[in-house]
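The values are calculated or read from the model by the stated rules, or taken from the named source; none is laboratory data. None of the values given here were measured: they were computed from a predicted structure. Glycine gets a Cβ as well: all are built from the backbone with ideal geometry, and neighbour counts include every protein chain shown. What goes into the accessible areas is simple: the full protein's heavy atoms, side chains included, and nothing from ligands, DNA or RNA. Shrake-Rupley method; radii C 1.70, N 1.55, O 1.52, S 1.80 Å.
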Amino acid sequence: MAKYNVKHLDILERLKRWIYTIIPKETFNSPALKLFRSWLFQGTLYMERGELLFRASVEIVAFLLVAVAFRLFSGKIHILLPFLVSHTLLWLVTSHFWALEISRKHRLVANTPNRIVNYLEALERRVLRSRHIEGCVLFGSLARERFGTYSDLDIILVPAAGGSAFIAYSISLRERVLAFFQCIPIELYTYRQGFFRDIDEGESPLVLKDVGGRLTGGMPRFYFLRDYPFMEQSFFNPEGKDD
């Protein structure tokens, strides 16, 4: 996986190492705690500040809508229950739910080649149509030619320079919702240009969109979707798993 220029990621890694000194790694990464952390943070820890603020606004709007519904139907003012309902609904629909590991290297959904290929082709069509997204690139197991039954898709969207950040973040949210209803395990974030420090050795990113070649100019190796040599059945390794 590429290493990102998101300032607080280094802090998170140091915090994780510190937690491991208090809580055994096996306990911290148990299915129950993974599930709770996924519900609590909903992928926000790896968001840039702009996307994090957008996500917070979505949370507030969802809470207010649920709170109003409770008020209309029950006649009472609730605080905790609307939060729990709205937060859980957002977790299910917008927060990489199918990418959640329920046990070591196994997720809640099993991939099939046709479903993944169809999703990638549809994603490419959507980002190519959008003038608010100037780049879309996939890293991880797919770029390492190790994508398999329980792998996920690590997707980065790059907002267009001078475009609307709000619309770019809305597109990211839409993609998470679509992936949920299509049972596609994705981890998707929106990072600005220059988001990666370097690319892991042996990794050839899959590029779905790159306006002006600004993304691929910093990549030693990459594929466009139309040229990806493993896009037939052979690209899919049933035993392949993320590292």
Exercise. In region 98-126, how many are under 13 Å from PHE147 (Cβ atoms) and either part of a strand (DSSP E or B) or among the polar types (S, T, N, Q) (or both)?
Worked result: 3
For this session: For region 135-167, name all the residues that are outside any helix (DSSP H, G or I), open to solvent by 50 Å² or more (accessible area, probe 1.4 Å) and over 14 Å from GLU203 (Cα atoms).
Result: TYR150, ALA161, GLY162
For this session: Provide a single number: the residues in region 44-56 that are within 11 Å of the chain's Cα centre (by Cα) and buried (at least 20 other Cβ atoms within 10 Å of the Cβ).
Result: 1
For this session: Within region 191-199, identify whether any single residue is closer than 23 Å to THR94 by Cβ, basic (Lys, Arg) and buried (at least 18 other Cβ atoms within 10 Å of the Cβ), and answer yes or no.
Result: no
Seminar exercise, completed: Residues of region 200-236 being modelled with pLDDT of 75 or more, within 21 Å of GLU48 (Cα to Cα) and surrounded by fewer than 17 Cβ atoms within 10 Å (Cβ to Cβ), in sequence order, are ARG214
For this session: Hey, could you check region 12-39 for residues that are of a type in the set (A, V, I, L, M) and open to solvent by less than 70 Å² (accessible area, probe 1.4 Å) and say which is farthest from SER103 (Cα to Cα)?
Result: LEU12
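Please count how many residues of region 125-134 are open to solvent by 10 Å² or more (accessible area, probe 1.4 Å) and touching a Pro at 6+ places or on another chain (Cβ under 9 Å).
2
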Exercise. Among (1) farther than 16 Å from LYS16 by Cβ; (2) touching a Phe, Trp or Tyr at 6+ places or on another chain (Cβ under 8 Å), where does SER38 come up short?
Worked result: (1)
Exercise. Tell me, which residue of region 80-124 that is open to solvent by 50 Å² or more (accessible area, probe 1.4 Å) and basic (Lys, Arg) is modelled with the lowest pLDDT?
Worked result: ARG104
Problem set entry | Members of region 168-185 found to be open to solvent by 10 Å² or more (accessible area, probe 1.4 Å) and in contact with a strand residue (DSSP E or B) (Cβ under 7 Å, 6 or more places away or on another chain), listed by number | TYR169, ILE171, ARG176
